[in-house]
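One structure is given below, encoded as structure tokens.
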Amino acid sequence: MKKSVFLEALLRVMDDKHHWAWEHFSSGRLSKAQLKTHFQHEYAVYVRDFPVFLSRILGTNPPFSVRHMLAENIYEEETGGLSLGHSHPDLFLTMMEGLGFRRRDFERTRLLPAARTYRAWLERMSNHRHWMVAAATLTIFVEGSVKDRQEILAPPEKKHPEDIESIISLHPLVRYHGVSPSRMDLIRAHQMVEAGHRHDAYAMVVNYTAPALRQSVLTCVKKSLSLWLSYRDAVARACGIKHPS
């Protein structure tokens, strides 16, 4: 499998990282209680410990350039040192406070079975003996989105502060749920640094995965998608959202 074919195969998986219930979460149709269930799961499943997952990959001693990319990502996730000076999990909780929730509401979340399964998979992958598999799962799949193809093949220009503020003003939490823009620094930080992280993720996985391991990487990323879809199905059900079919 050539690098170009490998990249295309990864992007095809990410093309499918879209859940049917997302339009409910990105609109004003959900109550605060429904949003709380959604955000409690997101925080407990991956947001809180994402820097830890990345540090496990770094600890396997990958090549120097990969260590540099991972260390930069960990530094930003854990300290906000490349953006706004606060860790991303902390900024997430600040955003939740803007919704009227308490930080302690996110300390002990009883995960749905499908959420526990997906979380266990992330734990397993972050400790994988092949760092490329771990990096693909965490930096490509978990950190990525259905927008990856556009961001990788047609990289956006660096956003100016006014562009970022415009994005925040249109964010569903601000637009429909009354969250103050001052509580949206997580989105500001993402807009400031995430484009670079997307390119780093694909560069390290595509350039360093040996041909013999590329199929294994793809298999794990596809499994991640399957478990993520099941997890999101479960959250949708817990929120009382009915499938359109």
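Annotations
- When Lys242, Lys36, Lys2 are compared by accessible area of protein heavy atoms, the largest-first order is Lys242, Lys2, Lys36, using a 1.4 Å probe.
- Largest first, the residues Asp163, Asp16, Asp148 sort by 1.4 Å accessible area into Asp16, Asp163, Asp148.
- Long pairs among Lys17/Lys159; Lys147/Lys223; Lys2/Lys223; Lys158/Lys223; Lys32/Lys223; Lys147/Lys222, criterion Cα-Cα beyond 26 Å: Lys158/Lys223; Lys32/Lys223
- Against the chain, whose longest principal axis comes from its Cα atoms, helix 185-208 is set at around 20 degrees.
- Solvent-accessible ranking of Met96, Met1, largest area first, probe 1.4 Å: Met1, Met96
- The phi-based Karplus calculation (6.51 cos²θ - 1.76 cosθ + 1.60; θ = phi - 60°) puts the 3J(HN,Hα) values of the stretch 170-180 at 9, 5, x, 5, 7, 5, 10, 10, x, 6, 5 Hz, whole numbers, x for Gly and Pro.
- Entry note, the chain: the mean residue ellipticity at 222 nm calculated from DSSP H runs of n ≥ 4, each adding -39500 (n - 2.57), is -19500 deg cm²/dmol after division by the residues and rounding to the nearest 500.
- Whole-Hz ³J(HN,Hα) from phi, Karplus 6.51 cos²θ - 1.76 cosθ + 1.60, for the stretch 52-69, glycine and proline x: 5, 4, 5, 5, 5, 5, 4, x, 7, 6, x, x, 3, 5, 6, 4, 4, 5
- Label point distance in nm, Glu162-Ala210, each placed 7 Å from Cα along Cα→Cβ: 5.3
- When the surface is traced with a 1.4 Å probe over the full set of protein chains, His24 keeps roughly 40 Å² accessible.
- When nucleic acids and ligands are ignored and a 1.4 Å probe is applied, Lys222 ends up with an accessible area of around 110 Å².
- Here the simple spin-label model places points 7 Å from the Cα toward Cβ, and for Leu99 and His177 these points are separated by 0.3 nm.
- Accessible area per residue was computed with a 1.4 Å probe on protein heavy atoms; Phe50 scores about 10 Å².
- Percent accessible area from carbon and sulfur atoms, the stretch 3-239, protein chains only, probe 1.4 Å: 53
- Cα point-scatterer Debye curve for the chain, base-10 log of I(q)/I(0) at q = 0.08, 0.12, 0.14 Å⁻¹: -0.30, -0.70, -0.99
- Cross-link partners for Lys36 among the lysines, with Cα-Cα distance under 20 Å and sequence neighbours closer than 8 places in the same chain left out: Lys242.
- Compared with the alpha-carbon gap, the fully stretched path from Thr117 to Arg12 is longer by 35.4 nm at 0.36 nm per residue.
- Probe 1.4 Å, protein heavy atoms only - accessible area per residue of the chain in square angstrom: 49
The values are calculated or read from the model by the stated rules, or taken from the named source; none is laboratory data. Values in this document were obtained by computation on a predicted structure and should not be read as measured data. Cβ sites come from the backbone with ideal geometry, for glycine too, and all protein chains shown count toward neighbours. These accessible areas exclude ligands, DNA and RNA; they are computed on the full protein's heavy atoms, side chains included. Shrake-Rupley method; radii C 1.70, N 1.55, O 1.52, S 1.80 Å.
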